[in-house]
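Please treat every number below as a calculation from the coordinates, not as lab data. Everything quoted here is computed from the prediction, not taken from an experiment. Cβ atoms come from the backbone with ideal geometry, glycine included; neighbour counts cover every protein chain shown.
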């Protein structure tokens, strides 16, 4: 039981996909303009992560080792297509905001990395928890980045103005602000890591 | 189909919506392989080549396979598989026909399979040059041209970045921001300067 909890919690801080493993940055930077987009992207990626981890761990015995990567890609692409169709049907506004980054979840390194490094070696329950943990870690990272960017770039969080009279710094809503925020955050994390040692 | 259209595609995909600096596609190789100009050039050459080839192939598949059979929702799945196969095929062909080129591209070709710039270009082409399930006039040429321009934009960003990072190797930077964080901060400044191009297109 204890090890199962560990499978879940390791993705949140110790092996956070964005800040520690530095994987899957493209969607992170592109959609983090507002918190709501960040949450949407996080949930979509979490769904794909859980689905593909579970299926990969179920069929791992049937896949010949040589063609495992193409098989993983097909499984992942199936879940991405499901997500895409659901988003289109139930939340067209979010789908428009996320744009081409929804189909691009398929080449998000986190998903393939978890399938290859974890799900194809472990059983159903721990793969599910690993996928869930990684997804939650990814979502939290997205919320953090998009929170900083939305607050500085638009002066709001989730559409609510926090400080009256705060003049937004326009550049944080632009691509260059995203790169700056992630660069500084990664530097800050390195600083903390160096201090621990 | 007119020269203005091509010009507008060129400016918007090389400068305004630069693949790396504005669309954030293909960031991993951008940060990982931009430490030296020679490697950066080899990587961007390989990426450009694959983007052009995949623009051609995915356009044909979308037009003649997915649309007639009402399978447009299988877009992501089929494109990913086709791109992966295509990269393998190109690798085999290059290894047989031109060992020198193969040595230059080397492992970068295999890495491209999961490069989001390639799939992103294919998806963007389909989004932009098909409307209501039909190809717009000259759609094929636009797609291939846009693919080539995205590759060019990729090369431009890689070259700028690797030039700067080669010089930074000699500087004494704080341990905390070394490598990844610094690369992102530089990219942010580069992207800021590319913002100056917005407004050139409609």
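For the segment B:168-176, counting C-beta atoms of other chains within 10 Å of every residue's C-beta and taking the mean gives 2.
Peptide packing: for B:8-16, A:153-161, the average count of neighbouring Cβ atoms within 10 Å per residue gives the ranking B:8-16, A:153-161, highest mean first. Ranked by how many other Cβ atoms sit within 10 Å of their own Cβ, fewest first, the residues B:108, A:90 fall in the order A:90, B:108. Among B:5, B:169, sorting on how many other beta-carbon atoms sit within 10 Å of each Cβ, with the fewest leading, yields B:169, B:5. With respect to chain A, whose longest principal axis is taken over its alpha-carbon atoms, helix A:35-59 is tilted by about 10°.
Segment residue A:96..residue A:65, full-extension length gain: 7.3 nm, with 0.36 nm per residue of separation and the alpha-carbon distance subtracted.
What is the angle, in °, between the Cα long axis of helix B:75-97 and the longest principal axis of the Cα atoms in chain B? Nearest 10 is fine, range 0 to 90. Roughly 70 degrees, rounded to the nearest 10.
Distance between the pseudo-spin-label points of residue B:37 and residue A:188 (7 Å out from Cα toward the beta carbon): 3.6 nm.
Relative to its residue count, chain A spans a Cα convex hull of 139 Å³ per residue.
Legend: mean number of C-beta atoms from other chains within 10 angstrom of residue C-beta atoms, peptide A:100-111, equals 6. If you find the alpha carbon centre of region A:50-70 and of region A:137-176, how far apart are they in angstrom? If we compute the Cα centre of each part, the gap is 39 Å. Computed over all pairs of different Cα atoms, the Kirkwood value for the hydrodynamic radius of region A:92-197 is 16.6 Å. Note on region B:9-197: Cα-only Rg and Dmax are 17.6, 60 Å. Counts of other chain beta carbons within 10 angstrom of each beta carbon in peptide A:169-177 average 4. Summarising the label geometry, the points placed 7 Å from Cα in the beta-carbon direction at residue B:69 and residue B:102 lie 3.4 nm from one another.
Specify whether the C-alpha gyration tensor of the protein assembly as shown places it in the rounded, prolate or oblate class, a ≥ b ≥ c being the square roots of the eigenvalues: rounded for a/c under 1.5, otherwise prolate if a/b is larger than b/c and oblate if not. Since a/c stays below 1.5, the shape of the protein assembly as shown is classed as rounded.
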